[in-house]
Amino acid sequence: MMLDFEVRAKGFDRTLQNLAAYDQISTDENRRAMNSSINLVVKIGGRNAPWNTGFLRAKIQGEVRQAGPGEVLGVIGSYAPHGAVMELGAGPHWPNVRNLNYWVERKLRVSRADAEAVTFLIGRAISRGGLRARPYLMPAYETAQPRIRGFFEGALANTVRRLTR
């Protein structure tokens, strides 16, 4: 005697159709998660950034790039000329005297009469020892990691939900 049985899966055709759309669905969800991640890092990075005029903070930007099917890449940086120097530091070099003089007057509150001498002394020190790093983006990224992980876990859950509707 042989036992026969039949299994029917309802909605399986629809799931197969949704699987064909996996690349687009996962790209949409990952792009959304990456946008949220970038916005968070830019916000925290702006708070961390060394401040004089606010120019560095205003130039922190990010963008989402397509890296492959279902795969996105987030790029964050500061487009201020001194953004990389603040983040990474710099070896000995002679700085831009005009910018340094402005910084001396504004940040150190040195009178215009004394600013030239102070600017020279600071410039000479930089030319001999460079500038130490003042990281603002990498600490922002590290601080944001738990929330970024949550954004992408949500993207995965949304992808599965959309594939099984």
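The values are calculated or read from the model by the stated rules, or taken from the named source; none is laboratory data. These numbers were taken from a predicted model, which means no experiment stands behind them. Reconstructed Cβ throughout: ideal geometry from the backbone, glycine too, with neighbour counts over all protein chains shown.
So here's what we get for this one:
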{"quantity": "Selected residue (only one of Gly130, Gly91, Gly154 is over 21 Å from Gly54 (Cβ atoms), under 30 Å from the mean Cα position of the chain (by Cα), exposed (fewer than 14 other Cβ atoms within 10 Å of the Cβ) and not aromatic (Phe, Trp, Tyr))", "calculated": "Gly91"}
{"quantity": "So Pro146, is it in the same structural domain as Arg47 (by TED's automatic domain parsing), under 11 Å from the mean Cα position of the chain (by Cα), assigned to a helix (DSSP H, G or I) and modelled with pLDDT of 95 or more", "calculated": "no"}
{"quantity": "Extreme residue, surrounded by the most Cβ atoms within 10 Å (Cβ to Cβ), among residues of region 94-120 that are more than 28 Å from the chain's Cα centre (by Cα) and not in a helix (DSSP H, G or I)", "calculated": "Val110"}
{"quantity": "Helices (runs of 4 or more DSSP H) completely within region 14-92 that count 1 or more residues being in contact (Cβ under 8 Å) with a residue 40 or more places away in the chain and under 30 Å from Thr164 (Cβ atoms)", "calculated": "22-48"}
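Rundown of residues vs (1) of a type in the set (A, V, I, L, M, F, W, C); (2) within 13 Å of the chain's Cα centre (by Cα), yes/no style:
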residue: Met2; (1), (2): yes, no
residue: Ala9; (1), (2): yes, no
residue: Ala20; (1), (2): yes, no
residue: Ala33; (1), (2): yes, yes
residue: Ser36; (1), (2): no, yes
residue: Gly46; (1), (2): no, yes
residue: Thr53; (1), (2): no, no
residue: Lys59; (1), (2): no, yes
residue: Gly62; (1), (2): no, yes
